[in-house]
Amino acid sequence: MMAAIDEVRAARATLAGLAHDRHPQLVELIATDGPLDALARLADRNLPSALLRVLPDGATGGHLREQAAAVPRQAARAGARVVIPQDDEWPARLPDLATAPGRGAVLCLWVRSNPPHTVSDVLGRAVAVVGARAATSYGMHVAGQLGADLAGAGWSVVSTGGLGVDAAALRGALAAGGTAVAVLPSGVDRPHPHANTDLLEQVAREGMLVSPWPPATRLTRARYIATAALVAALTAGTVLVEAGGRSRALTVVRHAIELGRPTMVVPGPVTSVLSDGAHQTLRAHSQARLVRGSTDVLADLTTPPTATSPAA
């Protein structure tokens with residue numbers, strides 16, 4: 001049984017590297033045939049040409065099989081482990097992402113943590129705090145305080161690990177002795193952004209780094225969007241702290257709303273362009289809740305609003 005699970009783990013990890021942009025036909029193949037048979041068909045090139053385009057240039061069946069065999073060594077080099085749906089620690093909320101519009105099931109999670117926390121335990125009580133990268137002092141203060149207060153209340157604090165609000169929330173959680181989780185749009189051995197390397201290494205030591213992408217994977221726009229959806233799916237709710245009208249953080253919020261998760265927004269000055277996205281979220285979505293701090297957040301996580309459609 002262990003050997004069979006390890007084979008599935010290796011197949012999922014290898015396929016995750018090929019499905020880096022959520023190639024819809026490949027996702028469908030994996031769902032239909034299962035990861036072992038899907039990988040075998042790719043290796044044997046027993047598939048339509050459109051699907052074979054996911055293979056790297058010059059890749060052979062032998063190359064794919066070698067990649068699968070190398071997964072345990074790859075994980076060891078990165079100081080990580082591969083978690084799959086067959087594991088007891090697979091996050092309970094994550095299957096929701098498979099049925100979300102335009103998304104597909106997550107094949108595996110690469111996880112770095114020390115000591116090796118159980119993913120399901122860490123993310124069982126988890127809330128996302130996201131927002132502007134070029135945050136104001138107000139936004140940084142609010143995010144840091146939220147991170148500390150939520151951690152103090154026993155919640156894991158989750159973000160993308162990006163600059164500004166996301167980093168401030170993680171720092172607040174760590175300063176309070178709580179659990180910080182960064183869900184990366186890159187491999188767990190390639191912290192992004194580079195400016196936050198020290199913070200993300202601290203998160204790996206004291207909390208958890210998570211990525212659906214294999215080690216050495218670089219950031220792309222498609223991977224960021226997929227990671228935003230993952231942040232929303234892994235958490236019980238999302239808090240938005242400062243966001244301009246075109247902020248990437250709004251992608252996390254949009255996915256949280258689509259998944260029916262409690263979505264909370266900290267208001268800012270009406271004169272600040274960095275609050276435009278936050279205020280527009282409150283106006284456009286009746287299920288988005290205005291929150292003033294952790295007390296409001298915890299109340300909404302306990303009794304989420306029931307509205308499911310945008311305000312007219």
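None of the figures in this text is laboratory data; all of them are computed from the coordinates on show. These numbers were taken from a predicted model, which means no experiment stands behind them. FYI the Cβ positions are ideal-geometry reconstructions off the backbone, even for glycines, and counts take in every protein chain you see.
Structure data summary
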{"item": "FRET efficiency estimate (nearest 0.05) - Cβ-Cβ, His141 to Ala299, R0 30 angstrom", "result": "0.90"}
{"item": "Dipole-positive endmost among Val119, Gly177, Leu230 within the chain (Cβ charges, Cα centre)", "result": "Leu230"}
{"item": "Trypsin sites (Lys or Arg not before Pro) restricted to DSSP loop in the stretch 231-284 with at most 12 other C-beta within 10 Å", "result": "Arg246"}
{"item": "Tail weight of P(r) past 26 Å, computed on alpha-carbon pairs of the stretch 142-262, percent", "result": "11"}
{"item": "Loop-resident sites, the stretch 102-180, for trypsin sites (Lys or Arg not before Pro), counting at most 11 other Cβ within 10 Å (DSSP)", "result": "none"}
{"item": "Dipole magnitude (debye, nearest 20) for the chain, charges at Cβ of Lys, Arg, Asp, Glu", "result": "580"}
{"item": "Calculated on alpha-carbon atoms, Rg and Dmax of the chain in Å", "result": "19.4, 61"}
{"item": "Lys, Arg +1 and Asp, Glu -1 on Cβ, resulting dipole of the stretch 124-278 about Cα centre, debye, nearest 20", "result": "380"}
{"item": "Hull volume in cubic angstrom per residue (convex hull over the Cα atoms of the stretch 46-166)", "result": "186"}
{"item": "Coordinate range along principal axes, alpha carbons of the stretch 207-288, Å, largest first", "result": "42, 25, 24"}
